[in-house]
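The values are calculated or read from the model by the stated rules, or taken from the named source; none is laboratory data. Predicted model only: the values in this text are computed from it and were never measured. All Cβ positions, glycine included, derive from the backbone under ideal geometry; neighbour counts span all protein chains shown. Keep in mind that these areas ignore ligands, DNA and RNA; they rest on the heavy atoms of the full protein, side chains included. Shrake-Rupley method; radii C 1.70, N 1.55, O 1.52, S 1.80 Å.
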Amino acid sequence: LMREIPVPKLTFLLEIFSCVFGMTGRKSEHTTERGMNMSHETQMLLGLFLGIAIMIFLVMKTKTHTFIALLLAALITGLIGKMSPSDAITAIQDGFGNTLKSTGIIIGLGVMMGGILEKTGAAERMAYSFIKKIGSGKEELALGITGWLVSIPVFADSAIVIFAPLCKAMSRVTGKSVIALALALACGLQCTHVMVPPTPGPLTAAGMMGVDVGQMIIAGALMSVPILIAALLYAHWVGKKIYQIPREDGTYDRKEFKKEYLKSMDQLDEIMGSKKLPGLGESLAPILIPLVLILSKTVCDFAGVDKESFIYSIITLVGSPIVALALGTTIAVYGIGKDIPKDKLMNIMGDSIKDTGMIMLITGAGGALGNIIKVSGIGDVLGATVVSWPIPAILIPVLIGALMRLALGSATVAITTAASLTAPLITTLGLNPVLLAQASCIGAIAFSYFNDSGFWVFNGMFGLTEIKDQLRCKTAVSFVMTGVGIVELLILNMIWK
């Protein structure tokens, strides 16, 4: 590269690099007047934007892993922002450790419990029970609610694979397009995966924003309802446009939709009746009990319970996310897993935890970037800059999250990045931190497309081979969901300060 650049230009670039990184205290005669007059604030913003740009380039155009790219972004941001190398490294380590301190244990417990639900058939039992409860003709609603609940402990991509056989069976016996049923499930999974703790993304956003986990659960659950309703309406509509029924041999019968194709659900009872599944109560307990315990602490805080009382001490203990999820996992082990041999049960939990290591590393790296922004003072400078943007301040994390999802594909990484960049701005923006945390999550729903693993899992499991059809499903519905979320944020921001 150096051989391709003329000597005068190369000298100029090297001197600019030296000046920016603070490697020399004198100005070169080759340095432009604009470069010499660069303010400290401008240099800090330059460091932030350059760090993020390099991160996106490394992830999209090279073989560099997202974890390493995030760490490099944090380091570059700090150095250009005039932090000393030792201070930058310390800030990265502190940010990494503090983030995992609040999320690492919870992520591990959540996936262990999710693995047991997957392997025992408890997740399938919940789906079938909801379908029976809601009734024939409301299959999309049943699967949407099922996905909404199941994705709290189970990763969305895994749940798509788990419930694919059920979606296909329902499609064959009811005559509804498998696309409508599967997309309804996927949207329910996406809502809670992105908006409701203890899934990693919203949990990390809550930690970075200093938001109580119970408040984050309530806000995410309530705000996700209109988003899910809009997504289900879209799924029902697109199921008629892409009408295909799975055959027993794994192929699909694609044709134009007609009302007479719809059938009753009696055959579904016959199919599910032949399977040995755990009961509904023991299937739901590992999910519902931790949620009730976590929410109980929030309720006590709102109700003004004496914080010195014994009752509050007990509720604070069992209502902490770590203890609540540990109890939920234990309930899963001794409830739906009671008949599984110990060695097999340990293997189930061990296999489940294997895939979480990289998630924890990426989450910690996002925290490192956020701490660099906080310690260096870039957050204050960025806050003073973005408040002048011609968009509502509440939409800033939405925009960041959407751009990160577009660039990186992972909703969790997008949430982590948006929250890390927005957290230092809470005081400057003067907005409700719960809404800012949810704004980071809502932005990350958008842009489910070619670099998203869930995009390909969905298409592969349900026979979508044409790009046009692929974009009409996961990609289009992600914009619908984000759009509804933006409307909610704008309304709530006017009344919830």
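Just for segment 39-82: of the residues that are outside any helix (DSSP H, G or I) and at negative phi, which one is most open to solvent (accessible area, probe 1.4 Å)? Ranking the qualifying residues of segment 39-82, first place goes to Lys63.
Consider segment 133-156 and keep the residues that are in contact with a Phe, Trp or Tyr (Cβ under 9 Å, 6 or more places away or on another chain) and within 16 Å of Phe458 (Cα to Cα). The one that is surrounded by the most Cβ atoms within 10 Å (Cβ to Cβ) is Leu143.
Screening the candidates Asp355, Asp380, Asp351 for the property of being farther than 18 Å from Phe49 by Cβ, open to solvent by 20 Å² or more (accessible area, probe 1.4 Å), at pLDDT below 80 and among the acidic types (Asp, Glu) yields one hit, Asp355. Looking across Lys259, Lys255, Lys240, one residue alone is without any contact (Cβ under 8 Å) to a residue 40 or more places away in the chain and either in contact with a Phe, Trp or Tyr (Cβ under 8 Å, 6 or more places away or on another chain) or among the aliphatic types (A, V, I, L, M) (or both). It is Lys255. Taking helices (runs of 4 or more DSSP H) as the structural unit, those lying wholly within segment 449-497 and holding at least 2 residues that are of a type in the set (Ser, Thr, Tyr) and within 13 Å of Gln190 (Cβ to Cβ) correspond to 476-495. Only one entry of Val194, Val211 meets the criterion of being in contact (Cβ under 8 Å) with a residue 40 or more places away in the chain and not in a helix (DSSP H, G or I), and that entry is Val211. Just one of the listed residues (Phe302, Phe310) is open to solvent by 60 Å² or more (accessible area, probe 1.4 Å), among the aromatic types (Phe, Trp, Tyr) and modelled with pLDDT of 80 or more, and it is Phe310. Residues that are within 24 Å of the chain's Cα centre (by Cα) and among the charged types (D, E, K, R) do not occur anywhere in segment 308-315. Within segment 415-459, track down each residue that is open to solvent by less than 10 Å² (accessible area, probe 1.4 Å), more than 18 Å from Ile391 (Cβ to Cβ), out of contact with any Ser or Thr (no Cβ under 8 Å at 6 or more places or on another chain) and among the aliphatic types (A, V, I, L, M). If the condition is that a residue be open to solvent by less than 10 Å² (accessible area, probe 1.4 Å), more than 18 Å from Ile391 (Cβ to Cβ), out of contact with any Ser or Thr (no Cβ under 8 Å at 6 or more places or on another chain) and among the aliphatic types (A, V, I, L, M), then Val434, Ala437 are the ones that fit. Here Ile245 passes the criteria (1) open to solvent by 20 Å² or more (accessible area, probe 1.4 Å); (2) in a helix (DSSP H, G or I); (3) β-branched (Val, Ile, Thr); (4) in contact (Cβ under 8 Å) with a residue 24 or more places away in the chain except the one numbered (2).
Could you please let me know if Glu466 is open to solvent by 50 Å² or more (accessible area, probe 1.4 Å) and of a type outside the set (A, V, I, L, M, F, W, C)? So Glu466 fits the description; yes.
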